[in-house]
Amino acid sequence: MQASIDPISQLTERFADAIARAFPQIQGVVDPIIKACNQPELGDFQCNAAMPLAKRVGMNPREVAKAIIAAVDATGVCEPLSEASIAGPGFINIRLREDSLVASLLALDRPDLGIPKAAPPQTIVVDLMGVNLAKQMHVGHLRSPIIGDAIARTFERLGHKVVRQNHVGDWGLPIAMVVARLMKLAEQGKADLNSLTLDQLDAAYKAAQFECQRDLAGLEAVNKYGLGPKALAECEAQVSGATEAFTQARQTLVKLQTKDPATYAVWEKIRDVTMAVCLGACKRLHVNVTAEHNAGESSYADELAPMVDDLVARGIAEPDQGALIVRLEAPEFGSIKEPCLIRKTDGGYLYATTDIAAIRRRVQKFGGERIIYCIDARQNLHLRQVFGASIKAGYAIHPRTRTPALMEHAAFGSVLGANGQPLKTRSGENIPLESLLEETVQRAGAAVKSRNPEMSDDECRTIAEAVGMAALKYADLCNDRVRDYMFSFDRMLAFEGNTGPYLLYALVRIKSIFRKAAERAVGERWKQTPPRASEHAEKQLALALLRYPGTVHGVAQALEPHRLCQYLFELAGAFSSFFDRCPVLPSEGEVRDGRLRLCDITARVLEDGLHVLGIPTLERM
RNA sequence: GCCCUCGUAGCUCAGUUGGAUAGAGCAACGGAUUUCUAAUCCGUCGGUCAGAGGUUCGAGUCCUCUCGGGGGCGCCA
C-alpha cells in the first residue's frame, strides 16, 4: 500500500519485474535505478538500468532497454513505452499517466501524509546542546540545538522514540572556580547570591579563569633572562596569588563533590540562573529542549570512579606515563592512533570519561540503538575516541540487539561573518545570543511593517517574532551542516529567494485562498473532489508533493535537514508557479474544487515539513 | 609530521550516494498584476566543478597525488 503513494517505488517494482522477466539468467533482484527526470520535457521519470545491465549480459545497452520496455507492465501507471522512449546510450524516459498521478495524490492525502509510523520504532538519542554553567550564550550555541532539534523532530515524525540530551557543562574545576569566587565575593559583600544574573556569572567566570591562571611561563622567562628583582617579585606575587586561588578552587571542588550544603547551594543557584536563560532561548527558538532533557556532567560524577575501575579490571584501560588510557588502534575501535585518555596522573577524570559514561547510560539505560551527536566538527577526533572506547568497553553493545549502537557525529561547521571569519563583534567578542535574536526580530518587524502599514503593533510583533525565527533557523538549516555557513541578516530576511520567509509566505497565500473561499461561501465539495494534475503547473506541483515521504526518510538516513529545506523550497516554488498560472477561486466547478484540493494537500505538506524543521508557521503576514 | 574537513557561476549555496547539455537564490538586464497576499511569477546573462592522473560505456560524485582554506592531534572542557 505504501508503494501506491510514491511513483518511484511503484515504477521500481514494475521495472524490476520486467528486468527479471527479460533477463531470467540474472540472479537476484536488479535495481532498475528509477530517478526523477532532470528535464521535464523528456519525461517525469527515467530508468537507468539498461547501461549497467548491458555489461552483465553482454548486449548493446539500447537492445537491453528495448527488452525491458517489451517486458514492462505499464498498465495504470505510465504512458505506453516505445522505442521513442529510449534516449542516448539507453535511458528509458517515463511519463506518468494523469490518473495514476491523481491516485498517488489521493493515497498521500491522509493524516500521516504518506509517512506511516515506523514499525518497530527505534530508540534514538540525540545530543543536541551543551551549554556551560556561568557562561553567557552566544552565536556559537545556535547551531547545535537548531540542527539537533530538526534531526530529533525528523525521527519523531517517523514514529521513533527520541531521547533528547542536553549535556550541560556543570561540573569540574572551572565551575568550582566560579563557585569559590562567588562565595568569596558574597563574604565581602560584593555580590548578592539571591539576585545573580548570567552576566554577573559570566564576569565571575572570566575573572576566576584569570585569577587561577598561573603565569609560570613568565616566571621562567624572568629567571632565565635575569629581568631584575622587580619583575621577579611581580611574577612571584602573581603566581602565588593564582596558586592560592587555584588551591581554593580545588578545595571547593572537593566540597562540591561531597555535597557540602553551603557550597552546593551556591552551585545550584548558578545552575538555576544559567538554565533559565538557556531554556528560555530554546523556547524562543522553538527548540524542544526543556528541563527534562538535562543530563549534566554532574549527573555522571559518581559513576566515573567505579566505571574506570571496571575498565581497569577488565584490561580495557591501561596505565601509561602515570595516566590511564584506552588504546584504539584496532580497526574495530576506529583505527585511531591517539589513545583515549580517561584519567589524569593526579587521579582526575576528563571529559572523555564523562562522555563514555554518557554512552553507557544512553545505550544500557535508555536503550538507545542510534546515538547522534549534534556537535561542532572540531570535536570529531574526541567523539571517535569516545565511540571506540565505548565499543571496546562493551558499553555500546545494546542489551537487546547484542550489537553496538550506531553512534554518529552529525558535525557542523562554524558561523562566519561577512568577512569569512568566525562571527564576532567589532571588538572581537562573541555576539550574545540575546542581542542576535533581538536584532533578527527587529529587522523582521521592519519588513512586516513596511508591507502592512496599517497592521496593529500587536499583530506585527507576533508576526515579526515568527518571521524572524523562521529566517534565522532556515538560514542555518538550509546549508549542508558540515560546512561553515555565512551569517547575514540581509540574506536570511531577504524579500525574495530561498529563505524562511519565502516558505512562510507560500503557506500564507494558501491560507488566504481558503479564507477567501469561506467568505465567498464556496462550500466544502472540494473535499470530495480529486486533486487536479492536468495542466503543467498542476502536474509539477503534484509531482513535488509526492516526493515528501522520500525526502523525510532521506533526512533521517543522512541526518541532513538541508534536504528537507531544499525540498520545501522547491515545493513552495512549484506552488508559486501554480498560483501564478492557475487561478483557484476564479475558476469554477471541478477545476476550482480540484485545485482547492491540491492547495489543501500543499498547505499540509508545507506545514508538516516546517514543523519537522522546527520552524513556526503563520496564518497571515 | 599525522588525521579530519571543505574547494562548483561575480556573491551565497544545491547537486537525490556513478547517469543525458552541472542547477537554484542573490546581483545585472528584460517582461508579467481589472483575478485568490508582487515577500510572487516568466525570461536573458553568467562555469576549465581548485589542478593532474586513474577506475569505466559514463566522474562534480569513487581511488591516488598536488595546491589552497578551516579544524584537530594523551594529563583543559
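The values are calculated or read from the model by the stated rules, or taken from the named source; none is laboratory data. Note that the structure is predicted; figures quoted are calculated from it, not measured. Don't worry about glycine lacking a Cβ; one is built from the backbone with ideal geometry, like all the others, and counts go over all protein chains shown. Please note that ligands, DNA and RNA were not included when accessible areas were found on the heavy atoms of the full protein model with its side chains. Shrake-Rupley method; radii C 1.70, N 1.55, O 1.52, S 1.80 Å.
In summary, A:ILE359 fulfils each of the numbered conditions (1) part of a helix (DSSP H, G or I); (2) of a type in the set (Val, Ile, Thr); (3) open to solvent by 20 Å² or more (accessible area, probe 1.4 Å) with the single exception of condition (3). Of the candidates A:THR290, A:THR247, the single residue that is farther than 30 Å from A:SER435 by Cα and modelled with pLDDT of 80 or more is A:THR247. Entry remark, the stretch A:224-240: residues being at pLDDT below 75 and surrounded by 13 or more Cβ atoms within 10 Å (Cβ to Cβ) number 1 in total. For the stretch A:269-294, a residue qualifies if it is within 21 Å of the chain's Cα centre (by Cα) and assigned to a helix (DSSP H, G or I), and the qualifying residues are A:CYS278, A:LEU279, A:GLY280, A:ALA281, A:CYS282, A:LYS283, A:ARG284, A:ALA291, A:GLU292, A:HIS293. Of A:SER450, A:SER427, all but one fail to be more than 20 Å from A:THR353 (Cα to Cα), open to solvent by 70 Å² or more (accessible area, probe 1.4 Å), modelled with pLDDT under 95 and within 16 Å of RNA strand B (Cβ to nearest atom); the exception is A:SER450. For residues in the stretch A:397-420 being within 15 Å of RNA strand B (Cβ to nearest atom) and open to solvent by 70 Å² or more (accessible area, probe 1.4 Å), which is nearest to the chain's Cα centre (by Cα)? So, considering only residues that are within 15 Å of RNA strand B (Cβ to nearest atom) and open to solvent by 70 Å² or more (accessible area, probe 1.4 Å), the one nearest to the chain's Cα centre (by Cα) is A:LEU406.
Of all the residues in the stretch A:575-621, those that are farther than 29 Å from A:LEU285 by Cβ and either within 9 Å of RNA strand B (Cβ to nearest atom) or in contact with a strand residue (DSSP E or B) (Cβ under 7 Å, 6 or more places away or on another chain) (or both) number 15.
Among residues of the stretch A:576-589 that are over 18 Å from A:GLN540 (Cβ atoms) and modelled with pLDDT of 95 or more, those with a beta-carbon under 7 Å from a residue that is open to solvent by 30 Å² or more (accessible area, probe 1.4 Å) and near RNA strand B (Cβ under 6 Å from one of its atoms) at least six positions away or on a different chain give the pairs A:LEU585/A:LYS516. Selection over the stretch A:295-319 of residues that are in contact with a Leu (Cβ under 9 Å, 6 or more places away or on another chain), open to solvent by 30 Å² or more (accessible area, probe 1.4 Å) and assigned to a helix (DSSP H, G or I) gives a count of 2. Scoring A:ILE391 on the criteria (1) assigned to a helix (DSSP H, G or I); (2) open to solvent by 10 Å² or more (accessible area, probe 1.4 Å); (3) of a type outside the set (D, E, K, R); (4) more than 25 Å from A:GLN557 (Cβ to Cβ) leaves a single failure, condition (4).
Checking each residue of the stretch A:33-44 against the condition of being more than 11 Å from RNA strand B (Cβ to nearest atom), surrounded by 17 or more Cβ atoms within 10 Å (Cβ to Cβ), in contact (Cβ under 8 Å) with a residue 24 or more places away in the chain and at negative phi gives no match.
Summed over the stretch A:362-388, the residues that are in a helix (DSSP H, G or I) and away from RNA strand B (no atom under 15 Å from the Cβ) give a count of 4.
Whether a residue is open to solvent by less than 10 Å² (accessible area, probe 1.4 Å) and within 11 Å of RNA strand B (Cβ to nearest atom) was assessed, and A:LEU559 passes this test. If I filter the stretch A:99-115 for residues that are polar (S, T, N, Q), under 25 Å from A:ASN48 (Cα atoms) and within 16 Å of RNA strand B (Cβ to nearest atom), do I get at least one hit? So far as the stretch A:99-115 goes, no, none of its residues is polar (S, T, N, Q), under 25 Å from A:ASN48 (Cα atoms) and within 16 Å of RNA strand B (Cβ to nearest atom). Number of residues in the stretch A:2-37 that are assigned to a loop (DSSP other than H, G, I, E, B) and either assigned by TED's automatic domain parsing to the domain that holds A:HIS553 or more than 22 Å from A:GLU83 (Cβ to Cβ) (or both): the value is 9. Within the stretch A:469-479, if we keep just the residues that are within 9 Å of RNA strand B (Cβ to nearest atom) and out of contact with any Lys or Arg (no Cβ under 9 Å at 6 or more places or on another chain), the residue that is most open to solvent (accessible area, probe 1.4 Å) turns out to be A:ASN479. With respect to being under 31 Å from the mean Cα position of the chain (by Cα) and not in a strand (DSSP E or B), A:GLU332 fits the description.
Only one of A:ARG532, A:ARG509, A:ARG525 is under 32 Å from the mean Cα position of the chain (by Cα), among the charged types (D, E, K, R) and open to solvent by 40 Å² or more (accessible area, probe 1.4 Å); which? One residue alone meets the criteria, A:ARG509.
Within the stretch A:135-158, is there a residue that is among the aliphatic types (A, V, I, L, M), open to solvent by 20 Å² or more (accessible area, probe 1.4 Å) and under 18 Å from the mean Cα position of the chain (by Cα)? No, the stretch A:135-158 contains no residue that is among the aliphatic types (A, V, I, L, M), open to solvent by 20 Å² or more (accessible area, probe 1.4 Å) and under 18 Å from the mean Cα position of the chain (by Cα). Selection over the stretch A:480-493 of residues that are open to solvent by 70 Å² or more (accessible area, probe 1.4 Å) and more than 7 Å from RNA strand B (Cβ to nearest atom) gives a count of 1. The residues of the stretch A:166-192 that are open to solvent by 20 Å² or more (accessible area, probe 1.4 Å), within 24 Å of A:LEU433 (Cα to Cα) and part of a helix (DSSP H, G or I) amount to a single one, A:PRO174. Condition first: closer than 30 Å to A:ASP600 by Cβ, open to solvent by less than 50 Å² (accessible area, probe 1.4 Å) and in contact with a Lys or Arg (Cβ under 7 Å, 6 or more places away or on another chain). Can you find one or more residues in the stretch A:58-72 that meet it? Checked against the condition, which is being closer than 30 Å to A:ASP600 by Cβ, open to solvent by less than 50 Å² (accessible area, probe 1.4 Å) and in contact with a Lys or Arg (Cβ under 7 Å, 6 or more places away or on another chain), the stretch A:58-72 yields no hits at all. Here is a list: A:ALA237, A:ALA249, A:ALA265, A:ALA231. Which entry is in a helix (DSSP H, G or I), touching a Cys at 6+ places or on another chain (Cβ under 9 Å) and of a type outside the set (Ser, Thr, Tyr)? One residue alone meets the criteria, A:ALA249.
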